[in-house]
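Structure first, then comments.
The values are calculated or read from the model by the stated rules, or taken from the named source; none is laboratory data. Quick caveat: nothing in here was measured; it's all calculated off a predicted structure. Here the Cβ is made from the backbone with ideal geometry for all residues, glycine too, and neighbour counts use every protein chain on show. Ligands, DNA and RNA are stripped out before the accessible areas are found, and what is left, the full protein with its side chains, is counted by its heavy atoms. Shrake-Rupley method; radii C 1.70, N 1.55, O 1.52, S 1.80 Å.
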Amino acid sequence: MLVYLIRRLSQSLLVVAVMATLVFLAVYAVGNPVDILANPDADQQERAAITARLGLDRPLYEQFGVFIWNALHGDLGRSFVYNAPAVDVILERLPATMELALVGLVFSILIGIPLGVLAGLKPESWFGRTIMSGSILGFSLPNFWIGLMLILLFAVELKLLPASGRGPTASVLGFKTAMFTWEGLKHLILPAVTLALYKAALVVRVAQAGTREVMLQDYIRFARAKGLSPLRIVGVHVLKNMMIPVVTVLGLELGSMIAFAVVTESVFAYPGMGKLLIDSINRLDRPIIVAYLMMTVVIFVVINLVVDLLYAAIDPRVRLSDAKG
Amino acid sequence: MAIPVLDVDNLVVSFGTREGELTAVNGVTFQVHAGEVLGLVGESGSGKSVTGLAVMGLIDAPGRIASGSIKLLGEELVGRSERELRAIRGKRIAMIFQDPMTTLNPVLRIDTQMIEAIRAHESVSEKAARDRARQALAQVGIPSPEERLNAYPHQFSGGMRQRVAIATALLNRPAVLVADEPTTALDVTIQAQILAEVQTLAADHGTAMVWITHDLSVVAGLADRIAVMYSGRIVETGPVEGVLDAPIHPYTNGLIGSVPSRNRRGVPLAQIPGMAPSLARVPPGCPFNPRCARATATCRADMPGPTLYEGDRMARCHHPVPAPESAAA
C-alpha cells in the first residue's frame, strides 16, 4: 500500500512538472499583457516600466527559470490585475466552485444511479427505453441553454429560486460556505442542476450498461438460486459490482466539474473559479491562468488517486499491495 | 414405495423467439428419491440445463414452463408465485453451477455470501449463521474454515470455489440438489475428490440429486439412475449399470462409444456424425434420425413413443440396439 502510494505520488510529480512547462509556454504565446494593462495613452517609457516591473523584459528561459524556482517555493506569481498572490485570488474563489461541484456530484449520483439501475434491470421495457432516450437529451442539450431555460422557468416564471449569484455564507468548521444556509442552497440548486444534468446522463448510461452486464453473470443466478430477495440481489450483489465503472467516470467528471464549470458559472454569474479564469484570460492575467491550470492538474491528480483508493475499497481484486502491475 | 422427493412429469419448457415458439424441453418425465442420484446426460443444447433451471423455478422470460408438473414431496411447484418459489429456492431445492470461477460474487466475502443464504430463509443471528457456515466449509474439506470465511473468492482456486459453492448450496439441508456440470471446469483429480465428497454428503443428508453432465464417466461413478436427453426429450432412462452396459437407444450407444477407454486402445473412436439439431430446425420424426445408422423411413416419419424394457428401463426408439453379442455368448 505504502509502496503503491509512493510510486503513484512520484508519477504525479512528473505529470505536474510536464504540465508546468506546457502551461507556461502556452500562456507565453497567447499575447502581451502589457497591451491590455497599460493605459492606452501610455508612452513608450511607461510601457517599458510596466514590462520591467512584471519581469516581462527578460528572456523566455529566464522567466521560466524564475517561475519554476518560485513555484517550487509555493509561489505561483502575483496577479497583474488584482496585485495579490495568484494562488490567494484563486483560493478565495475555490469554496464557491467546490460547493457547486459537490452539490452537482450529489445530484448526478442521486439522479443517475437509480435511473441507470432501473433501466438496466428492464432494458426492454418502455420505462427502460424512456430513461435511455432521455439520457441522450441530457448529453446533447448545451449546458448554457439548459441554464437559461432553468432560469426562465424557476426564477422568472415561477419565482421559486434566485436567478444568479451566490447566497450568504456561514462559517462551518473554519470554511466559509453557503451550503448550510437555506438561502445559500437556493442559490446553488439551479447551477448545480445545470452542471449535473450532463453528468447524470453519463452516469445513467454507465450504470445501465454495468447493470445489464452484471445481471447476466453466474453469481447473480447463484444468488437467485439461494432464494435471496430481489432487493438484496440488486442492492448488494448488483450494485457493488456495477459501481466499479461508475466510480471511474464520476471521478473524472468531478475533476472536470471543478475545473471547467466555466460556462455554468458565467450563465449564473456565479463567483467561482471558472468565472475568474474567463475574466483572467480576457485580461491576459498570466499568473492567474498559469496558477489556475496548475491547480487543475493537481486536482485531477488527487482525484485520480482517490478513485484508485476507492477501487480498492469496492473491488477486493484490486487490493493495492501488489505494486508490480 | 415412498413418494419421490422430486417428481417431474411431462415437463414442457418453451422460449418465445422471433422464429416462433421453440421447445427446449419437450415432455420430460423423471423421479428422484431421497438419497438417490439421477445423472441427466446429454450434449450441449439437449435441454438438460433448462430442465435443471425449470426445477429451480429460474426460467426467465422469454422462456416459460408451457405445461407439465414438478412436484417436491408431492407438492406442485409449477404455477407458484415468485414469492413462494423464493422461499423454496435455496431452502428445499438448491443448485450449483458449472463454472466455479464465476458463481461466487467477486466483490463480496465468503462469509457474506454464505450467511445471506441462511438468513434469507431463517431468522437466526449473524453469529449463529456464521457458525453454520464455518461448519459447512469444514464439511466440504476446506482447511482453516474460520480464516477462509473472511477471504474473497479470488483468493481460492477453482476446486476450492466449487467446494464453497457446494457448501453454500447445502447450508439449509435442501431435499433436492440440482448440480449443473459442477465438475466440468475442474482438473480430473479435483473432480474425483469433489465427486466423492458430494456423494458422502448426499448420502448422509438423504439429499436427492440431479447431476447434469455430458461426461458419462462421472455418471458411471456417481449416479444411481441415468436419463439420456436428446433434443429436449429423455430418450433412454434406467439404472446406471444397465444403461451403460447394454444401451438400448442408438444415441446412448453412440455416446458410450465416444468415450475413450483403455480397453479399446488403438481402435479409432466411434463418433456420432453431425451435430445436435438446433431447436429451430428439429427434424421430423425421431430427432436423432439424421445422425443414426439404424434410421429407417419410419424414424423419419414418426416420433417413437416410450417403450418399457426389462430392468426398470425405458427408451424411445423404433430400432433398439440388440443386446451385446458378448453378453449372450
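Compute the relative contact order of chain A as a whole-number percentage, counting only Cα pairs closer than 8 Å that sit 6 or more residues apart in sequence. Here the relative contact order equals 27 percent. For the stretch B:5-116, evaluate the Debye formula with one uniform point scatterer on each Cα (no solvent term) and list log10 I(q)/I(0) at q = 0.17, 0.19 Å⁻¹, rounded to two decimals. Here the Debye-derived log intensity ratios amount to -0.94, -1.12.
Applying 1/(1 + (r/R0)^6) with R0 = 41 Å to the Cβ-Cβ distance of A:V156 and A:A29 gives a FRET efficiency near 0.45. Each label point was placed 7 Å from the Cα along the Cα-to-Cβ direction; for A:L91 and A:L252 their separation is 3.1 nm. Computed from label points 7 Å out along Cα-Cβ, the spacing between A:D75 and A:W182 is 4.8 nm. Under a model in which nothing but the beta-carbon of Lys, Arg (+1) and Asp, Glu (-1) is charged, the protein assembly as shown shows a dipole of about 280 debye around its Cα centre.
Excluding same-chain neighbours fewer than eight residues apart, the lysines reachable from B:K127 by a Cα-Cα span under 27 Å are A:K226, A:K240, B:K91. A Cα-only calculation for the stretch B:190-304 places Rg and Dmax at 16.4, 50 Å. Normalising the average separation of contacting C-alpha pairs (under 8 angstrom, six or more residues apart) by the number of residues puts the relative contact order of chain B at 20 percent. What is the set of long-range amide H partners of B:G39 at a cut-off below 5 Å, with H atoms built 1.01 Å from backbone N? Sorted by chain and number, the residues that satisfy this are B:W211, B:D224, B:R225, B:I226, B:A227.
Computed on the Cα atoms alone, the convex hull of the stretch B:78-190 gives a volume of 108 cubic angstrom per residue. As a ratio to 2.2 N^0.38 Å, the alpha-carbon radius of gyration for the stretch A:88-288 is 1.19.
Just the protein heavy atoms count here, and of the accessible area of the protein assembly as shown at 1.4 Å, carbon and sulfur take up 61 percent. What does a probe at A:L305 reach in the stretch A:1-24, counting residues whose amide N is under 15 Å from the point 7 Å along Cα→Cβ? Residues A:1-17 qualify, since their backbone N sits under 15 Å from the label point.
Determine which lysines satisfy two conditions relative to A:K159: a Cα distance under 29 Å, and not lying fewer than 8 residues away in the same chain. Here the lysines satisfying the reach criterion relative to A:K159 are A:K176, A:K186, A:K199, A:K275.
Just to be sure I follow: if Rg is taken over the C-alpha atoms of the protein assembly as shown and Rh is the Kirkwood radius over the same atoms, what is Rg/Rh?
Result: Rg/Rh = 1.15.
The convex hull drawn around the Cα atoms of the stretch A:113-185, when projected onto a plane and averaged over every direction, covers 7.3 nm². Accessible surface for chain A, divided over its residues, is 51 Å² per residue with a 1.4 Å probe. Given R0 = 25 Å, the distance between the Cβ atoms of B:E147 and A:S229 translates into a calculated FRET efficiency of 0.25. In plain terms, the C-alpha convex hull of the stretch A:1-117 casts an average shadow of 12.0 nm² when viewed from every direction. Hydrophobic, long helices, defined as DSSP H runs whose alpha-carbon span along the helix axis is 18 Å or greater and whose mean Kyte-Doolittle value is at least -0.5, occur in chain B at B:188-205.
Taking trypsin sites (Lys or Arg not before Pro) as exposed when DSSP calls them loop and at most 10 other C-beta atoms lie within 10 angstrom, chain A has its longest site-free stretch at A:160-323.
Evaluated at q = 0.08, 0.13 Å⁻¹, the base-10 log of the normalised Debye intensity for chain B, with identical point scatterers placed on the Cα atoms, takes the values -0.40, -1.01.
The alpha carbon convex hull volume per residue for the stretch B:160-210 rounds to 66 Å³. Once the partner protein chains are put back, the stretch A:209-240 shows a loss of at least 40 square angstrom of accessible area, versus the chain by itself, at A:D218, A:Y219, A:R221, A:F222, A:R224, A:A225, A:K226, A:G227, A:L228, A:R232, A:H237, A:K240 (probe 1.4 Å, ligands and nucleic acids excluded). Positive-end ranking of A:V81, A:V34, B:Q271 along the dipole of the protein assembly as shown, with charges on Cβ about the Cα centre, is headed by B:Q271. Using θ = phi - 60° in the Karplus curve 6.51 cos²θ - 1.76 cosθ + 1.60, the 3J(HN,Hα) couplings for the stretch B:77-87 round to 9, 5, x, 5, 6, 4, 5, 5, 5, 5, 5 Hz; x is entered for Gly and Pro. If R0 is taken as 56 Å, the Cβ-Cβ distance between A:L9 and B:A87 corresponds to a FRET efficiency of 0.60.
Ignoring everything except DSSP H segments at least 4 long, calculate the 222 nm mean residue ellipticity for the protein assembly as shown; use -39,500 (n - 2.57) per segment, divide by total residues, nearest 500.
After summing the helix terms and dividing by the residues of the protein assembly as shown, the value is -16000 deg cm²/dmol.
Computed from label points 7 Å out along Cα-Cβ, the spacing between B:H319 and A:I36 is 9.3 nm. Between A:E213 and A:F139, what length comes free when the chain is fully extended (0.36 nm per residue of separation minus the Cα-Cα distance, one decimal in nm)? The span from A:E213 to A:F139 would gain 24.4 nm if fully extended.
Where does the stretch A:172-320 land on Rg/Rh, using Cα atoms and the Kirkwood Rh?
Radius of gyration over Kirkwood radius for the stretch A:172-320 works out to 1.09.
For chain A, what are the DSSP H helices with axial Cα length of 27 Å or more and mean Kyte-Doolittle hydropathy of at least -1.0?
Sorted by number, the helices that extend far enough and score high enough are A:2-30, A:86-121, A:182-215, A:239-259, A:286-314.
Percent relative contact order of the stretch B:222-329, based on C-alpha pairs within less than 8 angstrom and at least six residues apart? Worked out over the stretch B:222-329, it gives 29 percent.
Listed values for the stretch B:25-31 are Karplus-derived 3J(HN,Hα) couplings in whole Hz (6.51 cos²θ - 1.76 cosθ + 1.60, θ = phi - 60°), namely 10, 10, x, 8, 10, 7, 10, and x replaces Gly and Pro. The mean count of C-beta atoms from other chains within 10 Å of the C-beta of residues in B:146-159, rounded to a whole number, is 1.
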